Structure formats: structure tokens, C-alpha cells
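Engineer: Sharing a structure with you now.
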Amino acid sequence: MSAAFQSIPLVSLSKWRSSDSDTDRQAFANELRDICHNIGFFVLVDHGIDHEFLARYFTMLKTFFALPEDVKAQIDKSRSPHFRGWERVGSEYTDNKKDYREQVDCSTENEPYPAGSKPDFLVLDGPNQWLPDGVLPEFKPLIQQFHRQMGELAEELMEILAIGLDLPGDS
């Protein structure tokens, strides 16, 4: 595959899921590996995540960002030792330049590691911050469902890529 391309590759996960042939699955894994090595990204289609669910998820995010700043500030990232929560416009820097965007950082929730654990990035594991239940009652369950579904999809893609790299796919 050439490094130059004319369009972003579409990868249909149905080709992987519907195949019962080891040869076809290996070919799909090799194709995905080549796309990742030579292009670096792709659009995944036929992934099985319900489009109505995704629409609800993104509508919820728009609703969250439309809230007044004092409401969003209840989960300000500065209150979390795990770098989870909301950040207002201009509070984050990239290459020592202010970023003009706001964001909310949530992740899979885990028990925090003990203080001083190494490597240092383990501090990122921990709970999310959530708005009070009465503010956006569907926010927390929708975010958690999104993380579960995307986590399962990521595990499947990692299995495919492992096979494409001639590694065990079930690790």
C-alpha cells in the first residue's frame, strides 16, 4: 500500500465478524495493519454501535457544554487528582500556547493507585467527577455506557491488530 492516498480508508468490521475462515480473518488483520502503518488512520464502519445511541451521546455533550459555567465548574478538573472533569476555555496549554476550547475529561473508572505509585502516570487512574444527579440525570449513565461500548470495540480492534502483527490475538 502506498503512503499517498486520495481518501480516508473505510474499514468495515463486518468483514471480520462475518468471516469463519482463518485465512480471511488473517487477510483482514493484515489489511488493517497496513492501513495503520501506511496511512495512520481510518473510518470504522459496521462497528455495531447503535447510531441512535451515538446521537443521544453527542446531544448530551452539547447539552453539557451549554450549561452555565458555574454549573460546569462543580466538576472543575482542578478538583480531581486524576485529571478528570471540566476545563474552561483557555485553561489548557499546548506548546506553551493557550488552547481556546473547553473540554470534559472522563474515562473508565478505576480504584486509584496508592500515593507515590510508579510509573507516575498511574495517578490518572481513579474516579470521574459527576454533576449532581438533578442537573443532567442521564449524563453519567450515558458516558459510562459510551466508555463500555467503546472499550469493547477497542479490545476487538486490538485483537485484530495483534493478529496482523503476528501476535496472539487473545492476550
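The values are calculated or read from the model by the stated rules, or taken from the named source; none is laboratory data. The shown structure was predicted, so the numbers you read here are calculated from the model rather than taken from an experiment. Using ideal geometry, Cβ is built from the backbone for each residue, glycine included, and neighbour counts are taken over all protein chains shown. Calculation scope for accessible area: heavy atoms of the full protein, side chains included, ligands and nucleic acids excluded. Shrake-Rupley method; radii C 1.70, N 1.55, O 1.52, S 1.80 Å.
Engineer: Quick one: what pairs do we get from segment 79-92, first residue at pLDDT 95 or above, second hydroxyl-bearing (Ser, Thr, Tyr) and open to solvent by 20 Å² or more (accessible area, probe 1.4 Å), C-beta under 9 Å, 6+ apart or different chains?
Structural biologist: Filtered contacts from segment 79-92: 84/107; 85/78; 87/78.
Engineer: Name the single residue that is most open to solvent (accessible area, probe 1.4 Å) among those in segment 132-149 being part of a loop (DSSP other than H, G, I, E, B) and free of Cβ contacts under 8 Å to residues at least 40 places away in the same chain.
Structural biologist: 133
Engineer: If the requirement is being open to solvent by 80 Å² or more (accessible area, probe 1.4 Å), within 16 Å of the chain's Cα centre (by Cα) and not polar (S, T, N, Q), which of these qualifies: 152, 156?
Structural biologist: Of 152, 156, the one residue that is open to solvent by 80 Å² or more (accessible area, probe 1.4 Å), within 16 Å of the chain's Cα centre (by Cα) and not polar (S, T, N, Q) is 152.
Engineer: Okay, next question. So which residues in segment 1-45 are open to solvent by 60 Å² or more (accessible area, probe 1.4 Å), at pLDDT below 95 and aliphatic (A, V, I, L, M), if there are any at all?
Structural biologist: 1, 3, 4, 8
Engineer: Would you confirm, using the coordinates I've provided, whether residue 35 is within 17 Å of residue 156 (Cβ to Cβ), among the aliphatic types (A, V, I, L, M) and in contact with a helix residue (DSSP H, G or I) (Cβ under 8 Å, 6 or more places away or on another chain)?
Structural biologist: The answer is no for residue 35.
Engineer: Considering only segment 1-99, give the helices (runs of 4 or more DSSP H) lying wholly within it that have at least 2 residues that are over 19 Å from residue 131 (Cα atoms).
Structural biologist: 14-17, 22-38, 51-66
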